[in-house]
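Engineer: Can you read through this structure? Questions will come right after.
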Amino acid sequence: MQATNTNHSGKRVRRMFGEIAEHYDLLNRLMTFGQDRVWRQCAIRAAGVPKNGIVLDAGTGTGGIVLDALKTDNTLSVVGADFTMDMMLMGRQKQNGNRITWITADALALPFKNACFDAVTSGYLIRNVSDAFRAFKEQARVIKPGGRVACLETSPPPKGLLRPALLLFLNRLIPLLGQIVSGNRAAYTYLPRTTQNFPPPWKVSAIMRSAGLIRIRYQRFMFGTIAVHVGIRPKC
């Protein structure tokens, strides 16, 4: 989901996500044709959290990633951090929502000690922060040496025969669907725009590398418009 700094833009984003919190999960399911859970599971596997491990989900929203992680491994301890309370309140109502430690936090200044998590995950966070480098730097700081940062993100439609159709889907169909389901066309105009303005995966990899992560790789889905990135904090 999202979490960002508390400047004017950040406050506007927080208000927007608060307005769509009730319909956020349903719209994700509809917009992705039910593939959103597949991508979350890929991010969880990429994070490589050990048994009895502690994982932070930054920009957790309604907790989709860590709730799925608990279904895969109920020995985990999970923390969900976000700056939109309405989203986290929706997550608390889900099955196992009480197993998540929910924390209101800024993704650019995480309120955790150094090296206290086995892994950090995020879903659709980085496109909504004002400083992607700083967000990854914070995530690298709070994981233990050898731990992984796994980032599920949108990606600009790649060049090719499908690009016009993908742009039509992003710019016309998603706002229309957002209007029908949530009554908030503006939010679902903003979200496709952030997808198109977001760096391609190789640039995201470069940002992660500059933030101190190594052995970075990514996997793309949905005709190249979704990517799961993973990087490791060096052991020394």
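The values are calculated or read from the model by the stated rules, or taken from the named source; none is laboratory data. Remember, predicted model here, so these are calculated numbers, not experimental data. All Cβ positions, glycine included, derive from the backbone under ideal geometry; neighbour counts span all protein chains shown.
Engineer: Quick check on Glu138: is it assigned to a strand (DSSP E or B) and either surrounded by fewer than 22 Cβ atoms within 10 Å (Cβ to Cβ) or under 18 Å from the mean Cα position of the chain (by Cα) (or both)?
Structural biologist: Judged against the criteria, Glu138 is not a match.
Engineer: Taking the criterion of being more than 17 Å from the chain's Cα centre (by Cα) and within 23 Å of Gly183 (Cβ to Cβ), would at least one residue in region 101-112 satisfy it?
Structural biologist: no
Engineer: Answer yes or no: is there a residue in region 9-24 that is over 23 Å from Asn114 (Cα atoms), in contact with a Leu (Cβ under 8 Å, 6 or more places away or on another chain) and hydrophobic (A, V, I, L, M, F, W, C).
Structural biologist: Of the residues in region 9-24, the ones over 23 Å from Asn114 (Cα atoms) are 9-24.
Filter once more, keeping what is in contact with a Leu (Cβ under 8 Å, 6 or more places away or on another chain): 20-21.
After this cut, where a residue has to be hydrophobic (A, V, I, L, M, F, W, C) as well, the list is 20-21.
Yes; the residues of region 9-24 include at least one that is over 23 Å from Asn114 (Cα atoms), in contact with a Leu (Cβ under 8 Å, 6 or more places away or on another chain) and hydrophobic (A, V, I, L, M, F, W, C).
Engineer: Given the conditions (1) within 25 Å of Leu108 (Cα to Cα); (2) touching a residue at least 60 places away in the same chain (Cβ under 8 Å); (3) in contact with a helix residue (DSSP H, G or I) (Cβ under 9 Å, 6 or more places away or on another chain); (4) not hydrophobic (A, V, I, L, M, F, W, C), report the number of the one that Gly48 does not fulfil.
Structural biologist: (3)
Engineer: Here is a further query. Run Gly212 past the list (1) on the phi > 0 side of the Ramachandran plot; (2) part of a helix (DSSP H, G or I) and report the number of the one that doesn't hold.
Structural biologist: Among (1) on the phi > 0 side of the Ramachandran plot; (2) part of a helix (DSSP H, G or I), the lone unmet condition for Gly212 is (2).
Engineer: For residues that are touching a helix residue (DSSP H, G or I) at 6+ places or on another chain (Cβ under 6 Å) and of a type in the set (A, V, I, L, M, F, W, C), scanning just region 152-165, find the one that is surrounded by the most Cβ atoms within 10 Å (Cβ to Cβ).
Structural biologist: Result: Leu152.
Engineer: Suppose the filter is part of a helix (DSSP H, G or I), charged (D, E, K, R) and either within 18 Å of Cys151 (Cα to Cα) or in contact with a Ser or Thr (Cβ under 6 Å, 6 or more places away or on another chain) (or both); does Arg29 pass it?
Structural biologist: Details: part of a helix (DSSP H, G or I): yes; charged (D, E, K, R): yes; either within 18 Å of Cys151 (Cα to Cα) or in contact with a Ser or Thr (Cβ under 6 Å, 6 or more places away or on another chain) (or both): no.
Taking the combined requirement at face value, the residue does not satisfy it.
Engineer: Any chance region 137-157 includes a residue that's modelled with pLDDT of 95 or more, of a type in the set (Asp, Glu) and farther than 23 Å from Thr32 by Cα? Working first, answer last.
Structural biologist: Keep residues of region 137-157 that are modelled with pLDDT of 95 or more, which gives 137-153.
Right, trim to of a type in the set (Asp, Glu) and you get 138, 153.
Subsequent filtering for residues that are farther than 23 Å from Thr32 by Cα retains 138.
Taking every residue of region 137-157 in turn, at least one turns out to be modelled with pLDDT of 95 or more, of a type in the set (Asp, Glu) and farther than 23 Å from Thr32 by Cα.
Engineer: Another question, then. For the list (1) over 23 Å from Ala105 (Cβ atoms); (2) under 17 Å from the mean Cα position of the chain (by Cα), I need the number of the one condition that Asp25 fails.
Structural biologist: It is condition (1) that Asp25 fails.
Engineer: Further question on the same structure: Counting just the residues of region 141-181 that are of a type in the set (D, E, K, R) and in a strand (DSSP E or B), which one comes out nearest to the chain's Cα centre (by Cα)?
Structural biologist: So in region 141-181, the residues of a type in the set (D, E, K, R) come out as 141, 144, 148, 153, 159, 163, 172.
Imposing the further condition that a residue be in a strand (DSSP E or B) reduces the set to 144, 148, 153.
Values: Lys144: 20, Arg148: 15, Glu153: 6 Å.
My answer is Glu153.
Engineer: With the requirement that a residue be surrounded by fewer than 22 Cβ atoms within 10 Å (Cβ to Cβ), modelled with pLDDT of 95 or more and farther than 21 Å from Gln41 by Cβ, what does region 216-236 give you?
Structural biologist: Passing the criteria: only Pro234.
Engineer: What is the residue count in region 23-53 for residues that are surrounded by 15 or more Cβ atoms within 10 Å (Cβ to Cβ) and more than 20 Å from Ser155 (Cα to Cα)?
Structural biologist: Looking only at that region, the number is 4.
Engineer: Within region 79-113, restricting attention to residues that are among the hydroxyl-bearing types (Ser, Thr, Tyr) and surrounded by fewer than 20 Cβ atoms within 10 Å (Cβ to Cβ), which residue is nearest to Lys144 (Cα to Cα)? Step through it out loud before you land on a result.
Structural biologist: Looking only at region 79-113, we keep the residues that are among the hydroxyl-bearing types (Ser, Thr, Tyr), and these are 84, 101, 104.
Now drop any that are not surrounded by fewer than 20 Cβ atoms within 10 Å (Cβ to Cβ), which leaves 101, 104.
Values: Thr101: 19, Thr104: 22 Å.
My answer is Thr101.
Engineer: Can you run down the residue pairs with Cβ atoms below 9 Å, 6 or more apart or on separate chains, where the first is in region 116-132 and touching a residue at least 40 places away in the same chain (Cβ under 8 Å) and buried (at least 22 other Cβ atoms within 10 Å of the Cβ) and the partner is outside any loop (DSSP other than H, G, I, E, B) and of a type in the set (Ser, Thr, Tyr)?
Structural biologist: Here the result reads Tyr124/Thr154; Tyr124/Thr194; Asn128/Thr194, each pair linking region 116-132 to a residue that is outside any loop (DSSP other than H, G, I, E, B) and of a type in the set (Ser, Thr, Tyr).
Engineer: If you don't mind, another one. Among the candidates Arg148, Arg163, Arg217, which residue alone is in contact (Cβ under 8 Å) with a residue 40 or more places away in the chain and charged (D, E, K, R)?
Structural biologist: Numbers: Arg163 fails: in contact (Cβ under 8 Å) with a residue 40 or more places away in the chain; Arg217 fails: in contact (Cβ under 8 Å) with a residue 40 or more places away in the chain.
Step by step, each of Arg148, Arg163, Arg217 is checked, and only Arg148 is in contact (Cβ under 8 Å) with a residue 40 or more places away in the chain and charged (D, E, K, R).
Engineer: Out of Leu170, Leu213, Leu191, I need the residue that is modelled with pLDDT of 95 or more and buried (at least 16 other Cβ atoms within 10 Å of the Cβ). Which one?
Structural biologist: On the way: Leu170 fails: modelled with pLDDT of 95 or more; Leu191 fails: modelled with pLDDT of 95 or more.
One residue alone meets the criteria, Leu213.
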